[in-house]
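The values are calculated or read from the model by the stated rules, or taken from the named source; none is laboratory data. Predicted, not measured: the structure shown is a model, and the values here were computed from it. Virtual Cβ from ideal backbone geometry, glycine too; neighbours counted across all protein chains shown.
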Amino acid sequence: MTDHSAVGWSWPRTDAPDKVTGRAAYTADLSLSGMVHARILRSPLPHARLVRIDATKARRVRGVRAVLTRDELPRDPAQARYGAVLHDQGVVAIDRVRFIGDPVAAVAASGLDAADEALALIDVEYEELPAVFTPEASLAPGGVVLHPDPREEEMPGTHPVPGTNLCGLTEIERGDVARALEASDDVIEEVYRTPPVHHCHLEPHATIAAWEAGRLIVWTCSQTPFLTRRQLARLHGLAASRVRVVVPYIGGGFGAKTNLRLEPIVSHLARLAGCPVKLVLTHQEVFHVVSKHASEVRIRSGVMRDGRIVARDVEVTLDTGAYADTGPQVAKKCTYTAGPYHIPNMRIKARCVYTNNPPAGSFRGFGLQQMAWAYEGHMDTVAQRLRVDPLDLRLRHLYHEGDRYITGEPLHSIGLRECLEAAAGRIGPARPAPRVSGKRRGRGVAIAMKGAFAPTTAAAWVKLNEDGSATVAAPTPEIGQGAWTVMRQIAAEILQLPPDLVHMAPLDTDVLPFDDGAISSRSTFTVGRAVRDAAVRVREQLLQLAAVHLEASAADLVLRDGRIGVRGADAGVTIPELMRARLGRSGTLFGDAGVRVAGGRVMDDHGGYEVSASFWFIAAGAAEVEVDEETGKVRVLHYATAVDVGRALNPHNCEMQVRGSAVIGLGQALTEHLQSEAGQLLNASFSDYRIPSFRDLPTDLDVVLVETPHRDGPFGAKGVGEVAVTPVAAAIANAVRAAIGVPIRSLPLTPERVLRAMRGQEP
Amino acid sequence: MKRVVRMAVNGETVELLIETNRLLVDVLRDELRLTGTKADCGMGVCGTCTVLVDGRPVSSCLMLACLADGRTVLTIEGLAAGGRLDPVQAAFAEIGAFECGFCTTGMIMSARALLNEDPAPGREEIVEFMAGNLCRCTGYANILRAIGLAAERERHRASEGTPAVPRARGCSSQTGSP
């Protein structure tokens with residue numbers, strides 16, 4: 001890292017001026033001429049046939065411009081249903097409603113009062129059907145099937161089982177688990193559970209849609225603008241390029257703003273109304289859009305007396321609610337989440353199950369949080385059974401560089417030991433509680449490893465303008481993660497430009513190349529590489545021009561701080577001077593690059609393996625807690641997390657992402673639980689669903705960035721966003737276990753649950 | 001039923017004829033196009049709609065616009081005076097005390113109110129005052145640092161009579177300018 005480096009510095013954020021002044025525009029801040037406002041009518045029942053729907057009276061309300069019911073949808077079911085994996089969700093309810101909150105109709109009107117008035121006049125007749133609220137009830141033989149009709153696949157490979165409520169079923173095995181368990185000295189079996197929780201992004205979902213000369217334009221808070229465009233185009237029977245998706249700033253997503261959300265309803269309303277339509281969800285509605293999968297993980301390990309874990313059998317069941325959303329993908333990801341331990345015989349089976357609860361989908365971590373909760377609690381149980389230290393047990397079994405994962409793929413750039421030792425080292429040995437206080441203290445650790453998905457592609461272009469500034473077109477939305485800043489840094493590093501001369505092109509699918517989206521923590525690694533390669537192409541052209549201009553050979557040229565000089569000579573030229581001299585007054589240099597990260601089957605001398613990840617990133621967590629013996633309240637005294645990011649291109653951004661992710665983990669460890677009864681959400685608002693506030697921070701929260709450079713990442717960088725949330729709950733539960741001597745296998749660790757555990761009752 | 005509401009918003013007198021059931025947050029955002037103030041929970045819990053009414057922080061989603069008649073309202077747009085960022089804004093930008101930014105304007109307004117009331121708050125005072133502003137992205141630590149930094153600079157300015165917005169460190173351009 002030199003004075004001339006852009007990478008490795010905490011560059012000031014691109015979006016700082018906009019965000020501190022209030023100029024930053026989010027979708028709900030936008031206004032179009034002639035725009036009207038929408039509201040959704042939602043089902044009050046968890047499962048019912050939609051017998052009749054009559055919007056005649058609603059249409060007559062003054063100010064109403066359009067009403068959308070199933071009658072206004074195309075006859076062809078393929079154009080009336082969508083879904084990220086299975087097309088099982090109607091734009092509005094078609095034959096049935098399947099959860100309390102399921103959209104049944106929508107109204108666009110000149111004002112929200114008129115829209116609400118119209119909603120109340122839509123006449124709906126339901127015929128109730130039996131409803132199921134747990135995967136167990138849902139899979140019971142002879143029960144009601146939520147989606148009996150065949151569903152088209154948007155994404156193949158997750159194996160839904162027709163005629164059942166199983167919408168995803170995947171399994172993987174290495175070695176021979178049954179035989180290894182049989183041969184083990186001891187088998188330890190446990191069940192771990194997590195409840196549904198919510199992303200709680202502060203910006204509610206918002207979308208504006210307008211039709212112009214047969215083209216559909218949407219302004220929307222999508223983390224995946226190109227996937228949104230493609231899916232929306234299919235829904236309207238259009239070619240993808242006939243749909244334009246523009247993404248303003250996004251007020252947090254964490255996975256809740258991917259694929260399609262409000263766009264189907266709003267685009268249909270806009271079509272019917274003949275003018276732009278805007279929909280902003282209410283706070284309570286947001287909790288009904290998508291949440292994180294509740295899970296049950298059955299985990300069995302075979303161990304030997306000498307302390308080796310030789311076999312592991314895992315069965316995961318996810319409650320995906322009324323619609324699959326990305327559930328089957330999350331379940332499949334769980335299948336490929338074998339943990340960071342080198343266990344020779346492993347089997348993982350995952351099931352994704354429909355219920356009449358609100359839908360669950362992508363959540364920061366994508367299944368790893370649920371798996372790590374089980375794995376890491378289980379490791380402490382195994383350690384106790386084997387009478388070894390939990391930290392030592394982990395260190396003994398962690399993968400080494402080059403080891404083969406459950407898929408057979410060789411592991412590269414996995415700073416597992418560094419992360420675990422760094423986090424544990426920050427906590428140090430457990431401090432004994434002061435004698436008088438009626439408190440017990442304990443220390444716990446956890447570690448989790450995530451693979452960013454593969455295959456994946458990305459492309460970017462870089463334009464060098466006539467004034468010597470560069471414009472970077474990187475198709476990654478700024479959801480708060482600082483992606484725009486790091487993309488600029490990468491281009492600046494290659495082109496040797498200062499921060500105020502590198503700009504981002506706005507995010508518009510008409511102009512930018514295709515990208516899978518700001519998901520799976522992939523942007524720096526994938527899009528960043530494309531930006532780097534595109535900037536290199538521009539740099540090559542620049543040096544060629546300079547070689548001619550300075551009458552030197554390209555090998556003797558030095559590019560630094562916006563100026564090209566000749567090694568060992570005084571001759572030199574600034575970039576703007578060079579462009580004007582060689583390209584005339586209006587010169588521009590342009591470079592573009594595409595990146596393809598391969599996935600799937602790779603053949604080698606040992607028969608081949610499957611590449612399931614573009615890179616691995618790791619988070620270790622260590623917690624010191626204090627438990628009140630009388631109330632069961634858990635206080636986190638000290639939490640430390642170490643994350644392997646490959647290379648910290650912007651250390652400040654990395655630290656922020658890790659800290660924010662860890663605090664979400666804290667909330668989900670201690671207070672967060674999206675509660676429902678018979679499908680009715682009970683705490684769908686911030687006043688009843690507690691996310692951490694300023695008051696809920698641990699006394700100390702340490703963040704350590706570990707760097708094990710990746711050979712393919714831009715300047716060695718990998719990803720950072722998701723992983724820090726994943727070990728938090730387990731680290732805290734392990735600390736509580738050390739404090740009270742009892743394991744707790746369900747979340748959250750509320751005082752009631754901890755007290756019950758201490759009293760020997762079912763936690 | 002409509003009423004005339006006359007209030008000073010960011011130093012300018014504004015006169016509107018509005019329905020009596022309109023909320024202040026909606027009138028600011030829709031009629032006055034001051035979209036820097038955000039709206040989320042609608043129940044005064046998240047703090048994204050925080051504005052200062054007669055100098056006091058208020059959840060504008062809980063206040064009827066008509067009740068602002070005769071009062072002064074300060075929103076995020078009114079904070080930067082004469083093109084220069086308020087020290088709280090500058091500190092947030094310099095430290096990078098934000099991520100998605102949706103809670104940021106409300107945070108800044110609450111912090112501004114805090115420092116107006118108490119120029120030297122300790123960590124506990126800041127935590128208690130700011131507890132009504134939620135953030136999901138940052139983990140709060142850098143927001144606490146930014147508020148502390150702004151307080152320190154304002155106290156320095158008060159004692160020395162110099163401006164409290166310095167050049168940003170570590171980079172060649174000033175991030176603070178709007």
Problem - Positions within region A:493-505 being within 15 Å of A:VAL462 (Cβ to Cβ) and either modelled with pLDDT under 90 or within 11 Å of chain B (Cβ to nearest Cβ) (or both), in sequence order - result: A:LEU497, A:LEU501, A:VAL502
Practice task
Could you name every one of the helices (runs of 4 or more DSSP H) located completely within region A:644-763 that has at least 1 residues being aliphatic (A, V, I, L, M), more than 30 Å from A:THR320 (Cα to Cα) and within 14 Å of chain B (Cβ to nearest Cβ)?
Solution key: A:651-670
Fill in the blank from the handout: Restricting attention to region B:119-165, the residues that are at the interface with another protein chain (Cβ under 7 Å from one of its Cβ atoms) and at pLDDT below 95 number exactly 0
Handout entry: Test: residue in region A:494-506 that is assigned to a loop (DSSP other than H, G, I, E, B), under 27 Å from A:THR27 (Cβ atoms) and over 23 Å from the mean Cα position of the chain (by Cα)
Key = yes
Handout entry: Matching residues, region B:28-53, being without any contact (Cβ under 8 Å) to a residue 40 or more places away in the chain and either crowded, with 20+ Cβ neighbours inside 10 Å or over 16 Å from the mean Cα position of the chain (by Cα) (or both)
Key = B:ARG29, B:ASP30, B:GLU31, B:LEU32, B:ARG33, B:THR35, B:ALA39, B:CYS41, B:GLY42, B:MET43
Handout entry: Any chance B:GLY101 is in contact with a strand residue (DSSP E or B) (Cβ under 7 Å, 6 or more places away or on another chain), within 9 Å of chain A (Cβ to nearest Cβ), under 26 Å from A:GLY253 (Cβ atoms) and not aromatic (Phe, Trp, Tyr)
Key = yes
Exercise for the section: Taking A:GLU117 as the residue in question, decide whether it is assigned to a helix (DSSP H, G or I), at pLDDT 95 or above and surrounded by fewer than 15 Cβ atoms within 10 Å (Cβ to Cβ). Expected result: no
Exercise for the section: Would you confirm whether any residue within region A:418-427 is in contact with a Gly (Cβ under 8 Å, 6 or more places away or on another chain) and at pLDDT below 95? Expected result: no
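Per-residue answers, yes or no, for (1) assigned to a helix (DSSP H, G or I); (2) in contact with a strand residue (DSSP E or B) (Cβ under 7 Å, 6 or more places away or on another chain); (3) within 10 Å of chain A (Cβ to nearest Cβ):
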site	(1), (2), (3)
B:ARG33	no, no, yes
B:GLY42	no, no, yes
B:VAL45	no, no, yes
B:VAL51	no, yes, no
B:VAL58	no, yes, no
B:VAL88	yes, no, yes
B:PHE92	yes, no, yes
B:GLY106	yes, yes, yes
Fill in the blank from the handout: Checked region A:571-588 for anything hydroxyl-bearing (Ser, Thr, Tyr) and either surrounded by 15 or more Cβ atoms within 10 Å (Cβ to Cβ) or farther than 30 Å from A:THR526 by Cα (or both); matches are A:THR574, A:SER586
Exercise for the section: Using the structure shown, decide if A:ASP15 is at the interface with chain B (Cβ under 8 Å from one of its Cβ atoms) and in contact with a Ser or Thr (Cβ under 7 Å, 6 or more places away or on another chain). Expected result: no
Handout entry: Residue check, B:GLY132 under 14 Å from the mean Cα position of the chain (by Cα), assigned to a loop (DSSP other than H, G, I, E, B) and touching a residue at least 60 places away in the same chain (Cβ under 8 Å)
Key = yes
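A quick yes/no check of all residues on (1) crowded, with 24+ Cβ neighbours inside 10 Å; (2) assigned to a helix (DSSP H, G or I):
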| position | (1), (2) |
| --- | --- |
| A:ARG312 | yes, no |
| A:GLU315 | no, no |
| A:TYR323 | yes, no |
| A:CYS334 | yes, yes |
| A:THR337 | yes, no |
| A:CYS352 | yes, no |
Handout entry: Test: A:GLU707 is of a type outside the set (A, V, I, L, M, F, W, C) and within 29 Å of A:HIS293 (Cβ to Cβ)
Key = no
Practice task
For A:VAL51, state whether it is among the hydrophobic types (A, V, I, L, M, F, W, C), surrounded by fewer than 19 Cβ atoms within 10 Å (Cβ to Cβ) and more than 22 Å from A:ILE217 (Cβ to Cβ).
Solution key: yes
Fill in the blank from the handout: Taking first residues from region A:100-115 that are over 22 Å from B:VAL27 (Cβ atoms) and second residues anywhere that are hydroxyl-bearing (Ser, Thr, Tyr), the pairs with Cβ under 7 Å that are 6 or more apart or on different chains are A:ILE100/A:SER43; A:GLY101/A:SER43; A:ASP102/A:SER43; A:VAL104/A:SER43; A:ALA105/A:THR69
Handout entry: Single residue of region B:10-31 satisfying the filter (part of a loop (DSSP other than H, G, I, E, B) and within 23 Å of B:MET107 (Cβ to Cβ)) that is nearest to the other protein chains (Cβ to nearest Cβ)
Key = B:ASN10
Fill in the blank from the handout: If we ask which residues in region A:363-387 are within 19 Å of A:ALA294 (Cβ to Cβ) and either touching a helix residue (DSSP H, G or I) at 6+ places or on another chain (Cβ under 7 Å) or assigned to a helix (DSSP H, G or I) (or both), their number turns out to be 15
Fill in the blank from the handout: The condition of being surrounded by fewer than 18 Cβ atoms within 10 Å (Cβ to Cβ), without any contact (Cβ under 8 Å) to a residue 12 or more places away in the chain and within 30 Å of A:PRO328 (Cβ to Cβ) holds, among A:ARG75, A:ARG23, A:ARG70, only for A:ARG75
Handout entry: Which numbered condition B:GLY82 fails, given (1) more than 11 Å from the chain's Cα centre (by Cα); (2) of a type outside the set (S, T, N, Q); (3) crowded, with 20+ Cβ neighbours inside 10 Å
Key = (3)
Handout entry: Residue satisfying condition, being within 14 Å of chain B (Cβ to nearest Cβ) and on the phi > 0 side of the Ramachandran plot, within set A:GLY22, A:GLY101
Key = A:GLY22
Exercise for the section: Give the residue, chosen from A:GLY591, A:GLY607, that is more than 30 Å from A:ILE732 (Cα to Cα), more than 28 Å from the chain's Cα centre (by Cα), surrounded by fewer than 16 Cβ atoms within 10 Å (Cβ to Cβ) and not basic (Lys, Arg). Expected result: A:GLY607
